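Notes to accompany the following structure.
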Amino acid sequence: MPAQFMTAKELAEHLNMSLVWVYRDAARSGLTPYKFGTGRNAKIHFMVSEVQTWIVQQKLPSAT
């Protein structure tokens, strides 16, 4: 089964973050970008399964 990818815009909407955050900070936050194409036509995508794993890792410990 081929890997599923989402665009930078889709990721921004999914995480309720700005597109600027995705391009500037997503990789620093642990999300791996994949570049498809070269030069000005290059597009950045993110693997859906990796995004879901990253979201789970962001869970704060419960304060009991």
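The values are calculated or read from the model by the stated rules, or taken from the named source; none is laboratory data. Keep in mind it's a predicted model, so treat the numbers as computed, not measured. Note: ideal-geometry Cβ built from the backbone for every residue, glycine included; neighbour counts use all protein chains shown. Surface accessibility is based on the protein's heavy atoms, side chains included, excluding ligands, DNA and RNA. Shrake-Rupley method; radii C 1.70, N 1.55, O 1.52, S 1.80 Å.
In the stretch 2-13, the residues that are in contact (Cβ under 8 Å) with a residue 12 or more places away in the chain and small (Gly, Ala, Ser) form Cβ pairs under 7 Å with partners that are open to solvent by less than 100 Å² (accessible area, probe 1.4 Å) and assigned to a helix (DSSP H, G or I), at six or more places apart or across chains, as follows: 8/19; 8/22. There is no residue in the stretch 17-33 that is basic (Lys, Arg) and touching a helix residue (DSSP H, G or I) at 6+ places or on another chain (Cβ under 7 Å). Residues in the stretch 14-64 that are under 19 Å from residue 3 (Cβ atoms), of a type in the set (D, E, K, R) and surrounded by fewer than 11 Cβ atoms within 10 Å (Cβ to Cβ): 35 only.
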